[in-house]
1. Taking neighbour counts of Cβ atoms within 10 Å as a proxy for exposure, in what order, fewest first, do 146, 54 appear?
2. Between residue 74 and residue 160, with labels modelled 7 Å along Cα→Cβ, what's the label distance in nm to one decimal, could you check?
3. Return the FRET efficiency for the residue pair residue 473, residue 408: r is the Cβ-Cβ distance, R0 is 22 Å, and the value is rounded to the nearest 0.05.
4. Rounded, prolate or oblate: which fits the range 241-363 when a ≥ b ≥ c are the square roots of the eigenvalues of the alpha-carbon gyration tensor, with rounded for a/c under 1.5 and prolate only if a/b beats b/c?
5. Once label points are set 7 Å from the Cα along Cα→Cβ at both residue 105 and residue 422, what is their separation, rounded to one decimal in nm?
6. Taking the mean number of other Cβ atoms within 10 Å as a proxy for protection, how do you rank 397-407, 342-352 from highest to lowest?
7. What angle do you read, to the nearest 10 degrees and between 0 and 90, between the alpha-carbon axis of helix 300-313 and the longest principal axis of the chain?
8. Can you pull the semi-axes for the range 50-147, root of five times each eigenvalue of the Cα gyration tensor, sorted largest first, whole Å?
């Protein structure tokens, strides 16, 4: 009853937890773009633009009217158009053609706006109401708004597909119609409590909101299955249900503890990421695994003893026939499996790090209005990614020289600063404050650079480095910020995280395996098997010549290892026990016969979770995590069933000599 009350309170509390969709907030405090953003907010009132609005078929006066109406929308702070760059009272033919075409061409006006953070959905909808269906808006703020609107719907859609599928899989794997209900109740309550306890954190990332609950459910269902299957076995031997449960808990505890420990410590490694989305997800998954373990060992036994008669009354014949002699058939492929994996493992390892990566959320699908609007604007005005450069103010001649140098850089469409918008000849002190504020603060000069590159990629990142080198050649202190600069910092941060997180995951899981099996060689064999599946999974985008979201790559390289090493543990535990009674070949064959179905059920649940997450989410980060997880679970299953048995046979003698008291069977 205590668990149920806590779960109900948690279910209500989860609605008070805010979700952060801004990846910038998860950069470390010492990231250059983070420091630059803080400095600009201190020095300047007007923020950097984060959206572009295109108005079709308007005259200049009509465009100015739209500009004023956009300015009047609550939450639109900062609106920039042609009149902020040139004097539109003079004939346009006298102005620079490239400058004009950046804002106005073919009777289409492109207005840059800043949408207040935190209220993107409401403000974007207000802009849609103003401009109607015929006009377009795109930008980082629009992407955030769409992610916010879609997240709730997509989570419900994913759950609506996932829960029935898991129930079907569980029904196929049990002999009672009620057992799946018990499994899902025990883990579902722990998921609800995990979501509710986020109230003490205050805020979670959109990645955590989308991935953590489903991943917790998929990974920890095994704990409940282990316990109830043991309970079912002891019911046949012991008449008293409470005694059968006590024995079941005693027998299943080591397997559940080992499974939970590898997952727990694997997810803990995510908490060491400097890019704090990983730490946010890691904390939630660690908390979720701990709560699932407690729920299975405390709540599920009590629930089962109260309602075990329901299980008895709903017994049915096995739906799936037994896999007889499948071990013998699988072992026919032991040599080809060994050769294939050993041939693929090095190319896969090299390829998985050479994939073309995306560091942000990528572009919106063309099927959405945001995606269609983005294409419409790019077709008319081309790509535009603004950057802001802050330099010490005071030396007008140096600033003018720098601006001319920046204007000459490839892929720079225009540069807006005091010296080329107002005049270097007019001292700022003689002008109205409103004319000076966008360009000068007490200490810094602000230069806005409009570029013709994507917000990320080799070309964009090379231009950032070129702008920084150019600015540094004129000033000792420079600060660069903007969406592409943030993604450049994310790239540099997560690439460092990759090595740290992978090493920590492998070391942590290796220690758990070492203690579990009291062996030096078994952890090596198990980790090689699962790590091979990880590398093959992550190499697929390289061989298919597709891009991969790096955050998804980084997270899945840890999550897949932590979540699927359980298959290897279950298999190897059974093998080492049988090896005390049988020769190696016979022990492996019987292990495959006994455990292939249980491993398949576990892998199919995790794989279903991944593929459904990938199919239902429009957010590229969440979608890529889902796709990688689904494919990774299947690959782990295949390698555990085919490659691991071959490795255990090949290294049988080595395992015996490097394991404490193996007591392997000596007969023939």
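1. Details: 146 23, 54 20.
Listing 146, 54 from fewest to most nearby Cβ atoms yields 54, 146.
2. 3.3
3. Numbers: r = 13 Å, r/R0 = 0.61.
The pair residue 473/residue 408 has a calculated efficiency of 0.95.
4. Values: a/c = 2.57, a/b = 1.31, b/c = 1.96.
It is oblate, given that a/c is not under 1.5 and a/b is not larger than b/c.
5. It is 3.0 nm.
6. Working: 397-407: 17.1, 342-352: 15.4.
Per-residue mean Cβ counts within 10 Å order the peptides as 397-407, 342-352.
7. Helix 300-313 sits at roughly 60 degrees to that axis.
8. Numbers: eigenvalues 124, 32, 28 Å².
One finds semi-axes of 25, 13, 12 Å for the range 50-147.
Taken together, the values in this text are just the output of simple stated rules run on the coordinates, not laboratory data. Keep in mind the model is a prediction, meaning the values are calculated, not measured. Here the Cβ is made from the backbone with ideal geometry for all residues, glycine too, and neighbour counts use every protein chain on show.
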